[in-house]
Amino acid sequence: MPTNEHRPTTRVLDILELLAEMQSGMSLTEIAEAISAPKSSILPLMHTLASRKFIFYDKDTQKYTIGVAAFSVGSSYIQQMSSMQFIQSEMQHLTASCNETCQLGIRDDESVLYLAKVDSPEPLRLISYVGKRLPLYCTALGKSLLCDSTLDELTQLYPNGLKAYTPNTITDIQVLYDQLQQIKQGKIAQECEEVNLNLKCISTPLRKNSKIVAALSVSIPVFRSTAEKEEQIIKLLHEKRQIIETYFLNYNIDPDTLSL
């Protein structure tokens, strides 16, 4: 066992994984032998798991089987994966409508973490990847995620100020805060060449119960950006925001687990 793992927690997970594979169930002795642990050490774990319904104990056979609570947790994971598939489907529709790259991001401390991406069919397009992190303050996705922040929160988040990545990067926290207030009202964030030259991005925050949980964006090379295209993208982002937020509420999706 790696030294950074907690032994009792590891044993709990070993027990659950073992019973998930043994539909006929296992006795306490069989479980102890399978995970190389004394029966006296795992018995309290078995009692707790049984009381919480993660496992079930059959008094007649004296065997343990996987419980309904474990099924509930597993079903929740499948539901979250389905929610990501739903969002990606909406992103694909958006990209098909405007021929530009669509991305989904969440906040990760001071950065935006990119969770999903649908590439533009155009030969010249944004080069990025899922799992990439960029600063919140100079990306459209990040500004969408930050738009509920107070000035004090921004100051605490960036005690050393805002680093310039290009000549267009906002480096004044007051200017950033004023822009975030406008984004909060209009539900659309924009940045033009603030982190990458020759690239413009438009974004909208995604909320559940008024809390921002993610953001959706469309990136456009500057040379393809026109007033008409920007208007089309803003309209599409508003439409997709409403669809996705309705999905969050109607299906009781917990967006905090989208990163799974």
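Springs join every pair of Cα atoms under 10 Å in this Gaussian network model of the chain, and among V195, V12, V218 the largest mean-square fluctuation is at V12.
Ordering C102, F56, T226 by the projection of their Cα atoms onto the charge dipole of the chain, which places +1 on the Cβ of Lys and Arg and -1 on the Cβ of Asp and Glu, puts F56 at the extreme positive end.
Figure the gain on full extension for S97 and Q185 (residue separation times 0.36 nm, minus the Cα-Cα span) and round it to one decimal in nm.
Answer, rounded to one decimal: 29.1 nm.
Charged side chains reduced to their Cβ positions (Lys and Arg at +1, Asp and Glu at -1) give the chain a dipole of some 280 debye around its Cα centre. How much net charge surrounds S24 when only other residues with a Cβ under 11 Å from its Cβ are counted (Lys, Arg +1; Asp, Glu -1)? Its environment carries a net charge of -2.
Here the Gaussian network model covers the chain, with springs between Cα atoms less than 10 Å apart; of D119, D148, D178, D178 fluctuates the most.
Would you work out the charge dipole size for segment 7-66 about its Cα centre, treating the Cβ of every Lys and Arg as +1 and the Cβ of every Asp and Glu as -1, and quote it to the nearest 20 debye? Write down the numbers at each step before the final one.
Numbers: 7 positive and 7 negative charges, 59 e Å.
Its charge dipole is roughly 280 debye.
From least to most packed, judged by other beta carbons within 10 angstrom and beginning with the fewest, S41, S149, S203, S210 follow the order S210, S41, S149, S203. Run the Debye formula on the Cα coordinates of segment 7-66, all scatterers equal and no solvent, and tell me log10 I(q)/I(0) at q = 0.19, 0.23, 0.25, 0.30 1/Å. Treating every Cα as an identical point scatterer, log10 I(q)/I(0) equals -0.58, -0.88, -1.07, -1.61. Per residue, the convex hull spanned by the Cα atoms of segment 144-260 measures out at 124 cubic angstrom. Ranked by how many other Cβ atoms sit within 10 Å of their own Cβ, fewest first, the residues S97, S82, S219 fall in the order S82, S97, S219.
With both labels modelled 7 Å from their Cα along Cα-to-Cβ, the L151 to N209 distance reads 3.1 nm. Mean-square fluctuations from a GNM of the chain, with a 10 angstrom spring cutoff on Cα atoms, peak among I15, I202, I170 at I15.
Readers should treat all values here as calculations from the given coordinates under stated rules, not as data from a laboratory. Since this is a predicted model, take the numbers as computed values, not measurements. Quick reminder, even Gly has a Cβ in these numbers, built from the backbone with ideal geometry, and neighbours come from all protein chains shown.
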